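J.: I am attaching a structure below and will ask some questions about it afterwards.
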Amino acid sequence: MADPRDTGYTDEDLAREPGVDDPADYRHPFARDYDRLIHTNAFRKLQGKTGVVAPGEADFFRTRLTHTIEVAQLSRRLGWKLGAHPDLVEAAAIMHDFGHAPFGHVGEEALSGAVDAAAIRWGVEPTEVGGYEGNAQTFRLVTSRLTGSTAAQGLHLTRATLDAAVKYPWERGEVSDHKWCFYPTERDVAAWVRDPVPPERRHTQSFEAQVMEWADDVSYAVHDLEDFFLAGSIPLALLTQSASAREQLAGQIVDRRERRGKLAEQPTDDPEQHTAQELSTTLEALFTQPDGPFEGFRRLSGEFDGSTESRQALRLMRKRLINRLMHSVTPRDPHAPPRRHHNDLAIPTDARLVDDVLRDLLWVFVIEHPRMATYQHGQRRVVVELFELHAAAVQGGQADVAIFPRDLQPELAGLLEAGHRDGSRVQVLRVVADHIGQLTDDAAARLHRRLTGHVDRGFTDFV
């Protein structure tokens, strides 16, 4: 009997470039997409990219790769439960962080600023280059040769799979200057993906993209909380046992949201805005509910000590939070098919509040800590200087592609021979950004040391 999740996806959804599939292949088109993504360089490189801290800081921290695998697992189960095709949402989750720069969001922001600055120096309008944004870079990676695919123009994924990874379906500045999914260089393929979307949903995610993004949010909130409790950075036991500690934390969360313009004066439908009362009430309930997710921490004396009690507390926290957040969401329209642009994901306000408060804990105790600030200051410098060194190497009449990887040199040489017309300059800047953005944390640090002369020897130090 056919699985009902296979129905409702049209030939338009399953479309990909002709001539790239074996008609005898037994796999579902979405399963083929998943398989192609798993075997890419971009997927493997996630093992060397920052989650919150760099890979290797401790053996229990999630890396970008393990985070991706956990998001994929949650996406598949939630997609199955709601009626979307599980291979489709899992494929979207597998690729959703392909475009992460070295050092995570810090590297992404630094690289975007460096691309803009170079565009201005080169006399190109920054919006025509597109800066650097991890989601836009993901789209560029999977629709080009940059994934390590043998195909000349990327992985030839189905339209539905590509659309399911599009969190922000617009170019920079079209809706937001903070997040976007399309560079001008991918305008044609973006149009192919999005042209069938109803006009009223031009800037709306597909249902599968909404499922994947919620799984990403839940994974980030719950798993980072677990990691940094293990690291001794988040005092979960104290927060279950001390009303004054909860009150102080609530004040810090409210202050932080007010500084960022994310604090509402009264309840609102905006999912990113919460009132001080909503935040405080949610925090209090999370840590004091008798059968709540943090119940097991009331019997702990402090930091994680490896005891059966502390391990059980973590397991209970993880299970209850994930179940609560994942099971709370439903298709918005119970009568419409839960797929593509026929439906949306309904996330209750209380679930959104819990997820946001959990992520605020990480910001208060970890990301805004001075240890992290100094750490990230150096990471920004590495990324900016790497980009500037490579951009300088291909600017003007003395351009030299020798410091670039050999697979990029022919393309750069061809663009440089075409002269510094606006189009070729945009393409050159994009290729330079591609190179820096694909580096793992360790590769970026080692390459920076080589290019700035901070190594005694290094011919066999492969980068």
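J.: Over the chain, what is the mean sequence separation of C-alpha contacts under 8 Å (at least six apart), divided by residue count, expressed as relative contact order in percent? Write down the numbers at each step before the final one.
T.: On the way: 701 pairs, mean separation 83.1, N = 463.
Computed value for the chain: 18 percent relative contact order.
J.: Along the Cα→Cβ direction, 7 angstrom out, place labels at residue 411 and residue 11. What is the inter-label distance in nm?
T.: That separation, rounded to one decimal, is 3.3 nm.
J.: Note down the magnitude of the dipole of the stretch 1-122 about its Cα centre, charges +1 on Lys and Arg C-beta and -1 on Asp and Glu C-beta and zero elsewhere, to the nearest 20 debye.
T.: On the way: 14 positive and 20 negative charges, 92 e Å.
Its charge dipole is roughly 440 debye.
J.: Still on this structure: Which is the longest part of the chain that has none of the chymotrypsin sites (Phe, Trp or Tyr not before Pro) sitting in a DSSP loop with at most 13 other Cβ atoms within 10 Å?
T.: Details: sites that count: 26, 60, 459, 462.
Longest stretch, sites excluded: 61-458.
J.: If you take the square roots of the eigenvalues of the alpha-carbon gyration tensor of the stretch 234-368 and sort them as a ≥ b ≥ c, do you get rounded (a/c under 1.5), prolate (a/b over b/c) or oblate? Numbers along the way, then the final one.
T.: Numbers: a/c = 2.45, a/b = 1.36, b/c = 1.80.
Cα axes put the stretch 234-368 in the oblate bin.
J.: Also: Counting Lys and Arg as +1 and Asp and Glu as -1, each charge on the Cβ, what is the dipole of the stretch 324-427 about the Cα centre in debye, to the nearest 20? If you can, show how the numbers build up before the last one.
T.: Working: 12 positive and 14 negative charges, 51 e Å.
The dipole magnitude comes to about 240 debye.
J.: For the chain, give the magnitude of the charge dipole about the Cα centre (Cβ charges: +1 Lys/Arg, -1 Asp/Glu; no others), in debye to the nearest 20. Kindly include the intermediate steps, with their values, before the conclusion.
T.: Details: 54 positive and 71 negative charges, 157 e Å.
Using only the charged Cβ atoms, the result is roughly 760 debye.
J.: Assign one of three labels to the chain, namely rounded, prolate or oblate, based on the Cα gyration tensor with a ≥ b ≥ c the square roots of its eigenvalues; rounded applies when a/c is under 1.5, prolate when it is not and a/b is larger than b/c, and oblate otherwise. Can you show the working numbers first?
T.: Numbers: a/c = 1.79, a/b = 1.27, b/c = 1.41.
Cα axes put the chain in the oblate bin.
J.: Under 23 Å between alpha carbons: how many lysine pairs meet that in the chain, if sequence neighbours fewer than 8 apart on the same chain are excluded?
T.: Lysine pairs meeting the criterion: 9.
J.: Expressed in nm to one decimal, what extension gain is obtained for the pair residue 195 and residue 22 from 0.36 nm per residue of sequence separation less their Cα-Cα distance?
T.: Working: separation 173, 0.36 × 173 = 62.28 nm, distance 2.63 nm.
Gain in length upon complete extension: 59.7 nm.
J.: Could you work out the relative contact order of the stretch 272-336? I mean the mean sequence separation of Cα pairs under 8 Å and 6+ apart, divided by the number of residues, in percent. Each step should come with its number before you reach the end.
T.: Values: 34 pairs, mean separation 15.6, N = 65.
So the answer I get is 24 percent.
J.: Please compute the contact order of the stretch 327-460 in relative form: average sequence separation of alpha-carbon pairs under 8 Å and at least six residues apart, divided by the residue count, as a percent.
T.: On the way: 75 pairs, mean separation 22.2, N = 134.
Contact order relative to length: 17 percent.
FYI, it's all coordinate maths here, none of it is from the lab. Note that this is a predicted model, so its numbers are computed, not measured. Methodologically, a virtual Cβ is constructed for each residue, glycine included, from the backbone with ideal geometry; neighbour enumeration extends over all protein chains shown.
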